[in-house]
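Data first, discussion second: the structure below is written as structure tokens.
None of the figures in this text is laboratory data; all of them are computed from the coordinates on show. For clarity, every value in this text was computed on a predicted model and none was experimentally measured. Backbone-built Cβ (ideal geometry, glycine too); neighbour counts: all protein chains shown.
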Amino acid sequence: MKYRQAKTGKLMIDILPDKCDYCGCCVGVCPEDAIELKEAEIFIIDERCTNCAKCVWSCPIEVIKFNKEGVPA
Amino acid sequence: MKTDYDIIVVGAGPAGSIAARFAAEQGASVLMLEKDRDVGYPVRCGEAISKAGVSEFIEPDERWISAHISKFALISPDGTEAVIEFGDAGYVLERRIFDYELAKTAAKAGAEILTRAYVNGLIIENGKVCGVKYDYRGQQKELRAKVVIGADGVESRVGRWAGLKTYIDFRDMECCVQITASNINVNNETLYFYFGQNVAPGGYFWIFPKVNGAANIGLGVSGMVGKKKSALSFLNNFMEQNFPSAPILTSIAGGVPSSITLEKISAPGIMLVGDAARQVNPLSGGGIASGMIGGSIAGRIAGEAVKKNNPDYILTYDKEWHNRLGKRHEIFERIKNGIYNFSDEKFNKIAHSFNSIPKEKRTLGRLFTTALVNQPSLLVDIAKVFII
């Protein structure tokens, strides 16, 4: 299995883009500027992410998941 | 469109539009860029505002006033309603019209506006911001400006690209969900605030009436709470218990940066306003009025800096904001930290003692002082709230 690579190893943050409301809570709390958010498009910038999970905790509608196994490439 | 402007504003919410207007009124050439298709949509907001907060910037217009507010109802965890009457004090807005009309006032003052323009980088030369890079309908473009004003909301990245520390502690992020529902049987002049562990720990749940029996309903909880239970689950629980079959017309998530203002909101070539600068009132979570005030100060100063041909003049913005509202928000932040940590029992006690005083004496100030007199056990907590 190939995994996406974060700054600190395997990427474990998984945004479910089709369930997202694009509200920006996650972008506001991200210490690494590792989330790209457009009008109706969102994704992690893998090489900046440190898997800190602050975006997971601050998502009001549970569309960012912490995946210990790693996010498949 | 020109190839360079005196001032470029990123984001066309209330703070951005007012900044653009005030800058244009100084004679500067101004362009405001909005990433979304529409100014004013989608609405991520409770939409309540005081009359004074609006009328400083725009003539009240029934087209964007959805309800006239004269009362607050604070509902404690055991269901006790403490009602405070204010007279004709505020509005619930129709923000998709309000934001649009605000942007038009900027346009009337001479500002150019472009939607679908997503700013994705800054031009920085010798440590000074000199313009923006943006995507417009799939084409990557650049524009130069003497000053860039970041009004790009809770998700602001413009500030951090300029080297300002803008990310917010997840514990200070009020993570919100908000719906517009119909057939909600509440008083159409009352803002309802619910407190308690079951409805919105570390925040509040709101029902704000709108025209024709609709209401703006939602809640915010700290990211600390969101770690265990999301805002969405709190909303679903409340609606199932109270309005199980209410028709839902809109539903969306949102975030309120509920903290004091950033340590620095200007740097060479860049200023931040509104949610991007964390100019929200941290006690109420209200950010429309304070964002417009921030925008008006920043826009005017940016315009003056251009007129004086003195780029460093924009750095006076930090101090002017601090004196106008920033200082007060620091006090509100301390009060917030006191109140939002109250236990359910404490909220109940305050509501009961408040309701035991004569109706005409029930003011917001009384809510605290009476609680203090009638419930000596609350003294320490209330004192904590007011210690500056």
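Here are the numbers for this structure:
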read-out	value
Taking the convex hull of Cα positions in the range A:5-65, its mean projected area over all directions (nm²)	3.5
About the Cα centre, charge dipole magnitude for the range B:1-155 (Lys/Arg +1, Asp/Glu -1 at Cβ), debye	720
Highest average packing first - B:217-225, A:39-47, Cβ atoms within 10 Å	B:217-225, A:39-47
Set of lysines near A:Lys10 by C-alpha distance (under 29 Å), chain-local residues within fewer than 8 positions excluded	A:Lys2, A:Lys19, A:Lys38, A:Lys54, A:Lys65, A:Lys68, B:Lys165, B:Lys227, B:Lys228, B:Lys229
Label-point separation, B:Asn310 to A:Lys38 (7 Å along Cα→Cβ), nm	4.2
C-alpha center-to-center spacing [the range B:101-155, the range A:7-39] in angstrom	23
For the protein assembly as shown, alpha-carbon Rg over 2.2 N^0.38 Å	0.98
Amide H contacts under 5 Å for B:Phe86, placed H, 5+ residues apart	B:Lys71, B:Phe72
Simple Cβ-charge dipole of chain B, Lys/Arg +1 and Asp/Glu -1, about Cα centre, in debye nearest 20	600
Full-extension gain in nm, B:Lys133 to B:Ile357, via 0.36 nm per residue minus C-alpha separation	74.7 nm
Where labels lie 7 Å past Cα in the beta-carbon direction, separation of B:Val211 and B:Lys71 in nm	2.3
Exercise: per-residue mean of other protein chain Cβ atoms within 10 Å, B:169-180	5
Hz values of 3J(HN,Hα) by residue in the range B:41-46 - Karplus curve (6.51, -1.76, 1.60), Gly and Pro given as x	9, x, 8, 10, 5, x
Reach of B:Lys35 by Cα under 17 Å, taken over aspartates and glutamates that are not fewer than 8 positions away in the same chain	A:Asp21, A:Glu36, A:Glu39, A:Glu41, B:Asp99, B:Glu112, B:Asp135, B:Glu142, B:Asp152, B:Glu155, B:Asp275
Sites matching trypsin sites (Lys or Arg not before Pro) across the range B:25-123 that sit in DSSP coil, with at most 16 neighbouring C-beta atoms within 10 Å	B:Arg37, B:Arg116
Label zone at B:Ala52 (point 7 Å along Cα-to-Cβ), backbone N below 15 Å, the range B:77-103	B:86-91
Unmatched cysteines, the protein assembly as shown - criterion: no other Cβ of a Cys under 4.7 angstrom	A:Cys20, A:Cys23, A:Cys25, A:Cys30, A:Cys49, A:Cys52, A:Cys59, B:Cys45, B:Cys130, B:Cys175, B:Cys176
Calculated FRET value between B:Lys229 and B:Glu59, using beta carbons and R₀ = 60 Å, to 0.05	0.90
Efficiency of FRET from Cβ geometry, A:Lys2 and B:Arg328, R₀ 45 Å, rounded to 0.05	0.25
Whole-angstrom Cα spans of the range B:229-334 along principal axes, big to small	60, 31, 20
Cα radius of gyration and Dmax for the range B:77-159 (Å)	19.9, 60
Among B:Asp169, B:Asp275, B:Asp61: highest mean-square fluctuation, GNM of chain B, C-alpha pairs under 10 Å	B:Asp61
Simple Cβ-charge dipole of the protein assembly as shown, Lys/Arg +1 and Asp/Glu -1, about Cα centre, in debye nearest 20	720
Whole-number Å³ per residue for the convex hull built on Cα positions in chain B	135
Cα gyration tensor, the range B:1-60 - rounded (a/c under 1.5), prolate or oblate	oblate
Karplus 3J(HN,Hα) series, Hz, for the range B:326-342 with 6.51 cos²θ - 1.76 cosθ + 1.60 (x for Gly, Pro)	x, 4, 5, 5, 5, 5, 4, 4, 5, 4, 4, 4, x, 5, 6, 9, 4
Convex hull of the range B:20-176 built on C-alpha atoms - directionally averaged projected area, nm²	12.3
